[in-house]
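One structure is given here, and the rest of the page talks about it.
The values are calculated or read from the model by the stated rules, or taken from the named source; none is laboratory data. Given the structure is predicted, the values throughout are model-derived calculations rather than measurements. Don't worry about glycine lacking a Cβ; one is built from the backbone with ideal geometry, like all the others, and counts go over all protein chains shown. Remember, those area values only see protein heavy atoms, side chains included, never the ligands or the DNA or RNA. Shrake-Rupley method; radii C 1.70, N 1.55, O 1.52, S 1.80 Å.
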Amino acid sequence: MIQSYDLHAHSTASDGVLSPTELVARAAQNGVTTLALTDHDTVDGLAVAKMEAERLQMRFINGIELSVQWEKQCLHIVGLNIEPQHDELQKTIKASEIMRLERAEKIALKLEKKGILGALTAIQNVVGSGMITRTHFADFLVSHFHVDTPQEAFDRYLGDGKVAYVSTTWTPLETAVLAIRAAGGIPIVAHPMRYKLTATRMKKLLGAFKNAGGLGMEVVTGRYNPDEMRILGNYANQFELVGSVGSDFHTPSNQWIELGRLAPLPASVKPVWELW
Ligand code: AMP
Ligand code: MN
Ligand code: MN
Ligand code: MN
């Protein structure tokens with residue numbers, strides 16, 4: 001049987017549109033044979049997703065996407081095959097949860113100063129106990145007609161340095177990597193191209209990540225780009241990191257990014273699934 005991996009996806013436990021059950025069902029329909037759910041700073045969707053995956057005879061990997069701090073920059077580290085309830089991981093999750101709530105309150109205050117009222121209450125009604133992300137603020141700004149698209153919400157309000165931007169100090173990279181390792185997981189640098197690092201900074205990051213105990217990096221991501229894949233594959237080999245593949249799926253309404261629609265990992269790169 002042909003194996004199809006998608007090791008980066010979001011559900012309503014953070015800023016995805018599909019519930020964990022719906023996400024697994026859609027992945028199965030798309031022919032995914034191994035799926036990881038990797039919500040932002042939470043493991044809350046994993047148990048339900050795993051049950052549905054078992055019902056559909058799909059392999060399920062417990063995952064998470066941690067927001068981390070590296071030299072004043074926010075990066076995302078995916079943890080694959082984690083033990084969700086592990087103490088050290090839970091500590092990191094709790095810290096993020098508090099930071100996210102405090103940040104959300106500050107973002108809402110900044111929006112209020114611009115005459116946009118009630119964002120936090122409206123968002124909390126939608127997410128319940130889920131993690132609040134800027135995506136929720138973007139959706140609020142769209143649904144209340146302050147902007148036309150989520151992209152515009154980031155460009156005008158939520159993006160780095162914009163009027164409702166609040167800087168946050170996330171968990172240090174090293175701490176997050178250690179927490180994932182302690183929980184038996186594999187730390188992976190998520191979407192390395194999205195940080196727009198120079199080659200020098202990219203190498204500095206991968207070196208620091210590797211030194212901290214990092215094991216892998218995403219080489220194949222949602223938007224197919226052969227040049228990117230080749231460059232990332234070379235970095236993976238240079239730093240002796242395994243390669244991962246993940247769509248970073250959030251919503252069916254983004255036609256460019258679909259579950260399981262991913263190029264194969266370059267043959268020269270060691271796949272992350274050889275580690276489990
Ligand atoms: P947060 O982790 O709360 O800062 O939110 C980051 C999330 O916002 C990311 O995971 C993306 O899903 C989303 N996001 C970031 N930048 C943009 C953008 N320019 N347009 C749309 N969504 C974005
Ligand atoms: Mn997201
Ligand atoms: Mn991310
Ligand atoms: Mn993601």
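May I ask you to list the residues in the range 108-137 that are of a type in the set (Gly, Ala, Ser) and either touching a Phe, Trp or Tyr at 6+ places or on another chain (Cβ under 6 Å) or surrounded by fewer than 20 Cβ atoms within 10 Å (Cβ to Cβ) (or both)? Once the filter is applied, which keeps residues that are of a type in the set (Gly, Ala, Ser) and either touching a Phe, Trp or Tyr at 6+ places or on another chain (Cβ under 6 Å) or surrounded by fewer than 20 Cβ atoms within 10 Å (Cβ to Cβ) (or both), the range 108-137 yields 115, 118, 119, 122, 128, 129. Against the definition (away from ligand 4 (no atom under 16 Å from the Cβ) and under 17 Å from the mean Cα position of the chain (by Cα)), how does residue 141 come out, yes or no? Here the answer is no, as residue 141 does not meet what is asked. The residues listed here are 75, 23, 80; of these, the one that is within 16 Å of ligand 2 (Cβ to nearest atom), assigned by TED's automatic domain parsing to the domain that holds residue 244, within 24 Å of residue 209 (Cβ to Cβ) and of a type in the set (A, V, I, L, M, F, W, C) is 75.
Would you mind stating whether residue 38 is modelled with pLDDT of 95 or more and surrounded by fewer than 22 Cβ atoms within 10 Å (Cβ to Cβ)? Here the answer is no, as residue 38 does not meet what is asked. If you go through the range 20-33 one residue at a time, do you hit one that is within 14 Å of the chain's Cα centre (by Cα) and either farther than 23 Å from residue 223 by Cβ or more than 16 Å from ligand 3 (Cβ to nearest atom) (or both)? Scanning the range 20-33, I find no residue that is within 14 Å of the chain's Cα centre (by Cα) and either farther than 23 Å from residue 223 by Cβ or more than 16 Å from ligand 3 (Cβ to nearest atom) (or both), so the answer is no.
If you go through the range 157-175 and pick out every residue that is touching a helix residue (DSSP H, G or I) at 6+ places or on another chain (Cβ under 8 Å) and not hydrophobic (A, V, I, L, M, F, W, C), you end up with 8. The residue of the range 211-250 that is farthest from the chain's Cα centre (by Cα), among those that are farther than 18 Å from residue 180 by Cβ and among the hydroxyl-bearing types (Ser, Thr, Tyr), is 235.
The condition (being without any contact (Cβ under 8 Å) to a residue 40 or more places away in the chain and within 17 Å of residue 217 (Cα to Cα)) is satisfied by just one residue among 101, 37: 37. Once the range 220-257 is narrowed to residues that are part of a loop (DSSP other than H, G, I, E, B) and away from ligand 2 (no atom under 16 Å from the Cβ), the residue that is farthest from residue 185 (Cα to Cα) is 255. If you scan the range 45-67, which residues turn out to be surrounded by 22 or more Cβ atoms within 10 Å (Cβ to Cβ) and within 16 Å of ligand 1 (Cβ to nearest atom)? Selection gives 45, 63, 64, 65, 66.
Contact annotation: residue pairs with Cβ atoms under 6 Å, 6 or more positions apart or on different chains, pairing a residue in the range 171-187 that is in a strand (DSSP E or B) with a partner that is open to solvent by 60 Å² or more (accessible area, probe 1.4 Å), are 186/275.
Can you go through 177, 220, 189, 272 and tell me which one is surrounded by 23 or more Cβ atoms within 10 Å (Cβ to Cβ) and touching a Leu at 6+ places or on another chain (Cβ under 6 Å)? Testing whether each residue is surrounded by 23 or more Cβ atoms within 10 Å (Cβ to Cβ) and touching a Leu at 6+ places or on another chain (Cβ under 6 Å) leaves just 220. Going through (1) of a type in the set (D, E, K, R); (2) within 16 Å of ligand 3 (Cβ to nearest atom); (3) touching a helix residue (DSSP H, G or I) at 6+ places or on another chain (Cβ under 7 Å) one by one, residue 139 falls short only on (2). Quick one: in the range 78-107, of everything that is open to solvent by 10 Å² or more (accessible area, probe 1.4 Å) and closer than 17 Å to residue 138 by Cα, which residue is nearest to ligand 4 (Cβ to nearest atom)? In this case the residue turns out to be 100.
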